[in-house]
Amino acid sequence: MDLDLTDEQELISETARRFADEYVIPRVRESDRAQRFDLELARKLGEMGYLGAPVAEQYGGRGLDHVTYGLIVEQIGRADSAARTVISVQTSLVCGSVERWGTEEQKQRWLPQLCSGEAFGCFGLTEPDSGSDAASMRTRAERIDGGWRINGQKMWISLGNVASVALVFAQTDPELAHRGLACFLVPTDTPGFSSQEIHGKLGLRSSDTASLAFDGLEVPDEALLGEVGQGFKIAMSALDLGRYSVAAGCVGICDGCVEASVAYATERKQFGVPIAGFQLVQAMIAEMIVKRDAARLLVLRAGMLKDKGVPSTTETSIAKLYATESAIECANTAIQVHGGAGYVDDHPVERYLRDARVTTLYEGTSQIQKLIIGRAATGIDAILPRSPGADG
Ligand SMILES: Cc1cc2nc3c(=O)[nH]c(=O)nc-3n(C[C@H](O)[C@H](O)[C@H](O)COP(=O)(O)OP(=O)(O)OC[C@H]3O[C@@H](n4cnc5c(N)ncnc54)[C@H](O)[C@@H]3O)c2cc1C
């Protein structure tokens with residue numbers, strides 16, 4: 001494994017870091033306090049070419065490799081996880097799915113405006129009664145003349161209130177379970193589509209999160225992404241890219257924790273000396289650095305495998321599991337280094353903890369990642385419950 005970044009990758013990463021320092025960080029605290037989605041920032045991400053960075057240039061993307069995409073996400077994640085969420089959802093879940101599964105017409109219609117930040121997209125998989133068990137969804141798509149009628153609900157949908165297009169996963173035949181799922185590209189101004197903001201989140205307070213409702217919503221055949229029955233595959237391929245993006249963002253959180261802690265510990269004096277001079281404080285900083293570097297290497301490995309075009313589901317789950325759990329641990333440790341000062345938002349570390357907390361829940365919980373890793377190691381799928389006495 002060649003760990004050297006190319007000059008172009010270094011440059012893109014440095015540019016993203018500068019953008020994060022100069023443009024993103026100065027506005028984060030206010031949006032977080034106001035619990036307000038920063039539309040101007042979201043559009044700016046598009047202008048910078050950070051939405052749809054790996055999408056082919058002919059569709060408005062930058063045609064970058066996954067390693068470079070991960071480096072951008074890391075830098076934005078260090079500054080603001082809500083902004084990083086815009087990139088992850090728009091790029092990995094929405095653009096990634098349209099580019100891989102869409103018809104030429106669907107790609108031409110949606111990708112340029114999504115990559116530029118002119119429009120936003122959301123990914124509607126989770127429902128009130130269907131989370132880790134996505135195949136149990138209740139949203140139904142019924143065949144009508146020339147198209148489909150969709151009824152149902154989605155829950156916890158990032159960008160759901162600001163999106164112009166929603167990827168909606170629906171069941172076409174409950175008897176077929178996951179083989180009956182289909183995915184639709186639904187313009188959000190379609191009659192029967194409504195969204196509602198979800199308030200009161202622990203973190204990601206300036207990220208837009210919605211519940212969606214579909215009430216007799218009708219879409220033409222051309223709205224179908226891929227084929228009927230491919231919905232589950234589309235969702236899993238999107239989540240594979242999404243997990244990579246979340247993991248890269250969490251490396252950014254770990255890095256931010258190290259940076260803030262070193263700055264604070266070398267400045268803050270107790271017992272007449274900077275607290276960085278105490279071995280127990282250095283131990284906390286060292287623990288964060290080890291986690292950050294290990295997470296970064298795991299993300300790099302997953303990105304390199306994706307760029308080679310070889311299967312990377314397990315390596316992506318390993319990176320996601322480790323990076324997300326590490327982000328929470330680093331943020332918690334960074335607050336400890338800051339003492340009482342870490343408990344208020346004058347420093348970024350309390351926000352890091354609140355924002356990191358969701359990353360072990362969404363795009364597959366840590367338990368689901370462990371089961372994916374365990375399945376690859378043992379050949380036994382332990383995600384589905386086994387009835388007592390079942391063999392195998
Ligand atoms: C802020 C936020 C943004 C989100 N954005 C989106 C989005 O844009 N689009 C979208 O579709 N969804 C989104 N989600 C939903 C997210 O992906 C789900 O919350 C996640 O998949 C977990 O589902 P659940 O919450 O229903 O938990 P559940 O599936 O009910 O899980 C509850 C607990 O049971 C455990 N568990 C479940 N099944 C198993 C099993 N087989 N073995 C062991 N343990 C198990 C889980 O690990 C967890 O600890 C978002 C969620 C949040 C909070």
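Just checking, how many residues over segment 126-176 are within 24 Å of LEU384 (Cβ to Cβ) and among the basic types (Lys, Arg)?
The qualifying residues number 3.
Being closer than 23 Å to ALA83 by Cβ and β-branched (Val, Ile, Thr) is the filter here; which residues of segment 214-272 pass it?
Of everything in segment 214-272, those that are closer than 23 Å to ALA83 by Cβ and β-branched (Val, Ile, Thr) turn out to be VAL246, VAL251, ILE253, VAL258.
How many residues does segment 336-355 hold that are under 16 Å from ARG78 (Cβ atoms), in a helix (DSSP H, G or I) and touching a residue at least 40 places away in the same chain (Cβ under 8 Å)?
Selection size over segment 336-355: 6.
Go through segment 26-57 and report how many residues are part of a helix (DSSP H, G or I) and under 19 Å from the mean Cα position of the chain (by Cα).
Here the count works out to 9.
How about segment 300-321: which of its residues are crowded, with 21+ Cβ neighbours inside 10 Å and under 16 Å from the mean Cα position of the chain (by Cα)?
Within segment 300-321, ALA302, GLY303, THR316, SER317, ILE318, ALA319, LYS320, LEU321 qualify.
State all residues of segment 338-351 that are more than 14 Å from SER207 (Cα to Cα) and either surrounded by fewer than 18 Cβ atoms within 10 Å (Cβ to Cβ) or within 16 Å of the ligand (Cβ to nearest atom) (or both); if no residue qualifies, say none.
GLY339, GLY340, ALA341, TYR343, VAL344, ASP345, ASP346
Please pick out the residue among ALA276, ALA286, ALA331 that is of a type in the set (A, V, I, L, M), part of a helix (DSSP H, G or I) and touching a residue at least 60 places away in the same chain (Cβ under 8 Å).
ALA331
Do you know which residues across segment 355-389 are within 23 Å of ALA286 (Cα to Cα) and more than 11 Å from the ligand (Cβ to nearest atom)?
The one that is within 23 Å of ALA286 (Cα to Cα) and more than 11 Å from the ligand (Cβ to nearest atom): ALA356.
So in segment 49-93, with the set limited to residues that are within 16 Å of the ligand (Cβ to nearest atom) and among the small types (Gly, Ala, Ser), which one is surrounded by the most Cβ atoms within 10 Å (Cβ to Cβ)?
That would be GLY77.
Looking at segment 97-188, what strands (runs of 3 or more DSSP E) fall wholly within it and have at least 3 residues that are more than 16 Å from the ligand (Cβ to nearest atom)?
140-144, 147-158
Mind listing whichever residues of segment 358-382 are at negative phi, in contact with a helix residue (DSSP H, G or I) (Cβ under 7 Å, 6 or more places away or on another chain) and not in a helix (DSSP H, G or I)?
ASP381, ALA382
What are the residues in segment 339-361 that are touching a His at 6+ places or on another chain (Cβ under 7 Å) and over 25 Å from ALA248 (Cβ atoms), if any?
The one that is touching a His at 6+ places or on another chain (Cβ under 7 Å) and over 25 Å from ALA248 (Cβ atoms): ALA341.
Given (1) over 23 Å from SER366 (Cα atoms); (2) in contact with a Leu (Cβ under 8 Å, 6 or more places away or on another chain), where does LYS107 come up short, assuming only one miss?
The failed condition is (2).
From the list ALA248, ALA286, ALA213, exactly one residue is at pLDDT 95 or above, surrounded by fewer than 22 Cβ atoms within 10 Å (Cβ to Cβ) and under 27 Å from GLN35 (Cβ atoms). Which is it?
ALA213
The values are calculated or read from the model by the stated rules, or taken from the named source; none is laboratory data. Worth saying up front: this structure is predicted, and the values here are computed from it rather than measured. FYI the Cβ positions are ideal-geometry reconstructions off the backbone, even for glycines, and counts take in every protein chain you see.
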